[in-house]
Amino acid sequence: MAQRSSPVHSDDVQDPRSLDIRGLSMGFGDKSVLRDIDLAVRPGEFVALVGPSGAGKSTLLRLINGSHRPTGGAVSVLGTDPARCSRSQLRALRARVGFVFQQFGLVGRLSALENVLMGALGSLRMPRYGAGSYPRPLRERALQNLERVGLAEERFQRCDTLSGGQQQRVAIARTLMQDAELVLADEPVASLDPNASVSVLETLRKLSAEDGFTVICSLHQVDLALRVSDRVVAVRDGGLILDAATNETSEEQIRAVYGDTGEN
Ligand SMILES: Nc1ncnc2c1ncn2[C@@H]1O[C@H](COP(=O)(O)OP(=O)(O)O)[C@@H](O)[C@H]1O
Ligand SMILES: [Mg+2]
């Protein structure tokens, strides 16, 4: 039996939690992908979302940022239901929610600094061409954010010449430009080697602790999940099958629950 958080609050009060999901289901055509998911996440928590490939992790993250509409149940993200948002409300919500992708999502021919600056585009009216076209305070912040991920020296380097781990750290610095309250990371280390994976996740963890933003990070590797998270949530075949404090669970327990043999 999965351990569940049980949200108790009145529906007419804005939920201060980062995330409150109740009875969430999602299907594509006849295919049911997520079933009856309940999940409440407190501000500042670092939640690792684990589960085998095809379990529904990416679908769940896309429901949280409003890229999909659920077929049943409700999602409240930072007090807002993305399925009920107008386009402009959704844009406003997404400005508060950062997204980190497995494939980084950077513009390879642009420098690290320019890519980080692009994280601020949501707050600017005009398109920008080159780092010099951004206001100076933003350029200073972008550089500080690159420093925070350990890449100040690489600021003028084209992103397609950086290592995978460095590229993912640029992507994280770009998200910092948003001052996001919630960061969703979809297998951010799936294409990185083990050392780079640890470095990227520990960077994310450190920033989350310093700035107080919430993280929901899907991961394939249970050992990494346990290393960086406050809480581990496991999905399998579209159902939430484990929701436990990281310090109260073990690698064996999680693997047993979701049937991972550890041979990814
Ligand atoms: N747009 C879509 N249309 C149809 N099926 C989809 C779509 N997106 C995901 N699925 C299916 O939903 C299931 C869960 O996928 P996904 O959320 O990507 O899993 P995970 O991220 O855990 O690997 C898979 O069976 C996948 O094929
Ligand atoms: Mg996925």
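Charge dipole of the range 160-207 (Cα centre as origin; +1 on each Lys and Arg Cβ, -1 on each Asp and Glu Cβ, all else neutral): 160 debye, rounded to the nearest 20. Each Cα pair under 8 Å and six or more residues apart adds its separation to the average, and for the chain the resulting relative contact order is 27 percent. Stretching the chain fully between Gln144 and Tyr129 yields a gain of 3.4 nm (0.36 nm per residue, less the alpha carbon separation).
Accessible surface area normalised per residue over the range 161-235 is 31 Å², counting heavy atoms of protein chains with a 1.4 Å rolling probe. Distances between placed amide hydrogens fall under 5 Å for Leu242 paired with Ala234, all partners being 5 or more residues away or on another chain. Share of carbon and sulfur in the accessible area of the range 38-148 stands at 50%, probe radius 1.4 Å. Under a 5 Å amide H cut-off, with hydrogens placed 1.01 Å from N, Leu19 pairs with Val41, Leu78 among residues at least 5 apart or on other chains. Couplings for the range 230-238, taken from phi via the Karplus curve 6.51 cos²θ - 1.76 cosθ + 1.60 with θ = phi - 60°, read 8, 8, 10, 10, 10, 10, 8, 6, x Hz in order; Gly and Pro are left as x. Working note: Karplus 6.51/-1.76/1.60 with θ = phi - 60° gives the range 203-216 the couplings 4, 4, 4, 4, 5, 5, 5, 6, 9, x, 7, 7, 10, 10 Hz, where Gly and Pro are set to x. Note on the chain: with charges restricted to the Cβ of Lys and Arg (+1) and Asp and Glu (-1), its dipole about the Cα centre is near 1140 debye. In the context of the full set of protein chains, residues of the range 52-146 present 52 Å² of accessible surface per residue (probe radius 1.4 Å, heavy atoms only). What does a probe at Asn247 reach in the range 186-209, counting residues whose amide N is under 17 Å from the point 7 Å along Cα→Cβ? Counting only backbone N, you get 206, 209.
Computed from Cα atoms, the angle from the helix 136-148 axis to the main principal axis of the chain rounds to 60 degrees. Considering only Tyr134, Gly259, Val50, the residue lying farthest towards the positive end of the dipole of the chain is Tyr134, judged by Cα position with unit charges set on Cβ. The phi torsions of the range 94-100, fed into the Karplus equation with coefficients 6.51, -1.76 and 1.60 and a -60° offset, translate into couplings of 5, 5, 9, 10, x, 10, 10 Hz, rounded to whole numbers, with Gly and Pro shown as x.
Taking a ≥ b ≥ c as the square roots of the eigenvalues of the Cα gyration tensor, the range 55-119 is classed as oblate, since a/c reaches at least 1.5 and a/b does not exceed b/c.
The values are calculated or read from the model by the stated rules, or taken from the named source; none is laboratory data. All values reported here derive from a predicted model rather than from experimental measurement. When we count neighbours, we look across all protein chains shown, and the Cβ atoms used for this are built from the backbone with ideal geometry, even at glycine. SASA here: full protein model, heavy atoms, side chains in, ligands and nucleic acids out. Shrake-Rupley method; radii C 1.70, N 1.55, O 1.52, S 1.80 Å.
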